[in-house]
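This report refers to the structure that appears directly beneath it.
Just so it is clear, none of the values below were taken in a lab; they were calculated from the coordinates. Because the structure is a prediction, the values reported are computed rather than measured. Cβ coordinates were reconstructed from backbone atoms using ideal geometry, including for glycine residues, and neighbour counts include every protein chain displayed.
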Amino acid sequence: MKFTVIEYSITLNSPLHIASGLEAPGYADRIVLRDKGNMPYIPGSSLKGALRAAVTRLGRTLSVPECGGAECSNPKCLLCRLFGSVKSPGLLRFGDARIATGTAEEPFDPAWFSVRNGVQICRQRRIAREGLLYNLEYADVPSDQVFTGHISGWVGDDNLLDMDLPPTVWALLCGLRLVDKLGGNRSRGAGSVRIEATKILLNGEAVGTGALGSIGLSPDLIEGYAYALQEEVAA
Ligand SMILES: [Zn+2]
């Protein structure tokens with residue numbers, strides 16, 4: 001096992017709505033999650049859910065045995081090991097992603113929030129529900145402001161083929177690249193994001209950026225990692 005830390009940045013390509021569950025009468029019917037300094041942030045749980053879905057899709061493409069969901073009985077299941085199951089919490093910890101600025105000296109910019117009208121649509125009848133015009137708040141952060149966070153955990157490194165990265169870490173990095181939406185109202189274009197791994201530490205040692213640049217790009221690499229992952233999760 002190697003203690004793995006993946007540092008990443010998230011850039012918003014469109015406004016993001018991660019609901020706080022709160023309303024602000026007269027301003028918005030649903031407001032976004034914000035921290036004590038009134039800054040929008042992305043909770044680790046949001047990224048965890050999106051990354052799990054992305055790694056699931058990746059696993060299918062690579063013919064890695066699928067997770068059986070709540071009934072999963074494969075003790076080596078990649079998804080259950082990393083993200084948890086009803087039986088165990090999972091190896092990875094997801095920190096919240098925050099914007100680097102916004103200190104006491106440099107307070108947040110209120111323009112980073114916007115409120116837009118929405119109409120609640122009845123999905124079956126495809127018509128607007130009567131009286132259900134609502135105001136939804138978004139975090140509307142300019143693209144030069146990035147959210148940064150990290151994922152960490154003791155991740156298995158059955159690196160049978162002596163690849164640049166443990167196959168599990170490679171799968172996580174590919175998964176991060178596949179995540180392109182976060183939060184709510186995604187079907188209407190909200191929450192479009194670009195995620196980049198900025199640093200990888202394995203037992204405290206940084207993995208070269210050359211390894212980051214080539215991730216997922218070479219067909220040979222994909223084939224090798226797919227084989228390694230299939231071996232790793234074979235029950
Ligand atoms: Zn599973």
Sequence of Trp154, Trp170 once ranked by neighbouring C-beta atoms within 10 Å, starting from the fewest: Trp154, Trp170
Net charge, Gly175 excluded, C-beta distance under 9 Å - Lys, Arg +1, Asp, Glu -1: +3
Cut-off 11 Å between beta-carbons: net charge of the residues surrounding Tyr41, Lys and Arg +1, Asp and Glu -1: +1
Amide H contacts of Gly184 (H built 1.01 Å from N, under 5 Å, at least 5 apart or other chain): His17, Ile18, Ala19
In Hz, Karplus ³J(HN,Hα) per residue of the range 226-234 (6.51, -1.76, 1.60; θ = phi - 60°; x = Gly, Pro): 4, 4, 4, 5, 4, 4, 5, 9, 4
Hits among lysines - C-alpha to C-alpha of Lys2 under 23 Å, sequence gap 8 or more where chains match: Lys48, Lys76, Lys87, Lys199
Nonlocal amide H pairs with Ala97, under 5 Å, H built at 1.01 Å: Ile42, Gly44
Cα shape, the range 1-99, gyration tensor, a/c 1.5 rule: prolate
Linear extension gain, Glu66 paired with Val115, 0.36 nm per residue minus alpha-carbon span: 13.6 nm
Cα gyration tensor shape for the range 42-82, rounded if a/c is under 1.5, else prolate or oblate: oblate
Length-normalised contact order for the range 6-95 - Cα pairs under 8 Å, 6+ apart - percent: 16 percent
